[in-house]
Amino acid sequence: AVVTKEYLEALPTQRSYQTAVQFAPGVTGGANPNVKGGSSRENVWMLDGANTTDPVTGTFSFNFNLDAIEEIEVITGGFKAENGGTLGSIINVRTESGSNKLQGNVRAFYSNGNWSPKRDAIYAPDGRAMESSEFDRDSQNFDLNISAGGPIVQDKLWFFASLKWIHNQGTSSGARSPRVFDGYNLFAKLTANPLPRHRLILSVLGSDASISNTIQSFLYD
């Protein structure tokens, strides 16, 4: 199955390639999915054909800006010999490339947990608390995406770059201060076509994150 950019743009879903993979038939589960009976640690994750699977956990090893993805190929069976070594699926993320047309976009997404319905505390008949109240919890998420691509030398050399910034803060029930997460995903790509039958690609990706107040202070024991 191939999950295209146009398909992703038409659906209200989380903006991550791990979530997009689950639109393929036979795929279920969370960020590390189960495919046709395979475990979540038996998939092969690839970026433009290069294996990026975490060698220790057997899971995906990086996060990625959805705006930098051209399409996602999900192979769930009938593997070729060079793609063996998996009992789950082969997930290949194909990235955007620059073209002779200069173009770019800026997108921002914001969500606030206070806009969603909240549940009050639930108690058993003897007074024991079964579920805590959600009214003293808080969550906010801001997602900024910037990307641009175009020619460096017409018909010969092109560039594409993408930056994603995520700011997330959430307060657990009874906590005095929120947990704050700031993360960055950067992707840059150069594509060269020196001869009609030859193409060279250089890509760089990186991510950085900081988390404050990981152990929250609580009002109650």
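The values are calculated or read from the model by the stated rules, or taken from the named source; none is laboratory data. Predicted model only: the values in this text are computed from it and were never measured. Here Cβ is always computed from backbone atoms with ideal geometry, including for glycine, and neighbour counts include all displayed protein chains. Heads up: the accessible areas ignore ligands, DNA and RNA and are worked out on the full protein's heavy atoms, side chains in. Shrake-Rupley method; radii C 1.70, N 1.55, O 1.52, S 1.80 Å.
Counting Lys and Arg as +1 and Asp and Glu as -1 over every other residue whose Cβ lies under 15 Å from the Cβ of THR57, the net charge comes to -1. Packing around the peptides 133-145, 65-77, taken as the average count of other Cβ atoms within 10 Å per residue, puts them in this order, highest first: 65-77, 133-145.
For the chain, the solvent-accessible area works out to 59 Å² per residue, with a probe of 1.4 Å and every protein chain left in place. Between the beta carbons of SER39 and THR19, assuming R0 = 25 Å, the FRET efficiency works out to 0.85 to the nearest 0.05.
Sorting the segments 192-202, 22-32, 159-169 by their mean number of nearby beta carbons within 10 angstrom, highest to lowest, gives 159-169, 22-32, 192-202.
Counting protein heavy atoms only, the chain has 56 percent of its accessible area on carbon and sulfur, 1.4 angstrom probe.
Once both labels are positioned 7 Å from their Cα atoms along Cα-to-Cβ, the gap between GLU131 and ARG199 label points is 5.1 nm.
The label point for ILE146 and the one for LYS80, both projected 7 Å from the Cα toward the Cβ, are 3.9 nm apart.
Any of LYS5/LYS156; LYS118/LYS164; LYS5/LYS80; LYS164/LYS189 with alpha carbons more than 18 Å apart? Name them for me. Intermediate values should be presented prior to the final figure.
Working: LYS5/LYS156 25 Å; LYS118/LYS164 30 Å; LYS5/LYS80 25 Å; LYS164/LYS189 15 Å.
Pairs exceeding 18 Å: LYS5/LYS156; LYS118/LYS164; LYS5/LYS80.
Work out how much length ASP182 to LEU11 would gain on full extension: take 0.36 nm times their residue separation and subtract the Cα-Cα distance, in nm to one decimal.
On the way: separation 171, 0.36 × 171 = 61.56 nm, distance 2.61 nm.
Taking ASP182 through LEU11 to full extension adds about 59.0 nm, to one decimal.
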